[in-house]
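Engineer: Supplied in structure tokens, the structure appears directly below.
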Amino acid sequence: MFDNEAIILDLFRAGVHGILLKGAETIDGLNTALMEVMNGTRYYSNEIQQLLAINSHQFSLPSRLNFTPRELEVLRLTSGGKSSKEISLAMDISIGSVENYRKELLRKTKTKNAAELISFSMLNGVL
């Protein structure tokens, strides 16, 4: 709908699964886009793909974000609303270990709490 570059990039950062420009697609193109998104894949029109390629440097995660598999699992469970106790049971680790993983995630992302961590992770394509 929008052809404003800043809005399109914000939509991509927010995790929108499909973007096409109003009037730039045929009915067949629209059907293809809908089918792909409904099947769980992402769809971006040719114009949007070109814009994203030009601006790809904006989407790379900082090098400090080398998450371990355990950190990613804690992050995933945290984003699902699990408590430290629930995460410790699910991962078969101590509550102290869960808290240590969370502290490391906060440090790496320079966030202050779980809500900021989850927001940061979603905006940066980690989740």
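The values are calculated or read from the model by the stated rules, or taken from the named source; none is laboratory data. None of these values were measured; they are calculated from a predicted model. Here Cβ is always computed from backbone atoms with ideal geometry, including for glycine, and neighbour counts include all displayed protein chains.
Engineer: Name, by its number, the condition in (1) in contact (Cβ under 8 Å) with a residue 12 or more places away in the chain; (2) closer than 19 Å to residue 17 by Cβ; (3) not hydroxyl-bearing (Ser, Thr, Tyr) that does not hold for residue 114.
Structural biologist: Among (1) in contact (Cβ under 8 Å) with a residue 12 or more places away in the chain; (2) closer than 19 Å to residue 17 by Cβ; (3) not hydroxyl-bearing (Ser, Thr, Tyr), the lone unmet condition for residue 114 is (2).
Engineer: May I ask you to list the residues in the range 92-110 that are β-branched (Val, Ile, Thr), at pLDDT 90 or above and in contact with a helix residue (DSSP H, G or I) (Cβ under 6 Å, 6 or more places away or on another chain)?
Structural biologist: In the first step, residues of the range 92-110 are kept if they are β-branched (Val, Ile, Thr); the result is 93, 95, 98, 109.
Checking the rest, the ones that are also at pLDDT 90 or above come to 93, 95, 98.
Hits for the range 92-110 are 95, 98.
Engineer: How many of the residues in the range 7-42 are more than 21 Å from the chain's Cα centre (by Cα) and not hydroxyl-bearing (Ser, Thr, Tyr)?
Structural biologist: Total meeting the criteria: 11.
Engineer: Could you check the range 1-31 and list, in sequence order, the residues that are β-branched (Val, Ile, Thr), farther than 26 Å from residue 122 by Cα and not in a loop (DSSP other than H, G, I, E, B)?
Structural biologist: The one that is β-branched (Val, Ile, Thr), farther than 26 Å from residue 122 by Cα and not in a loop (DSSP other than H, G, I, E, B): 27.
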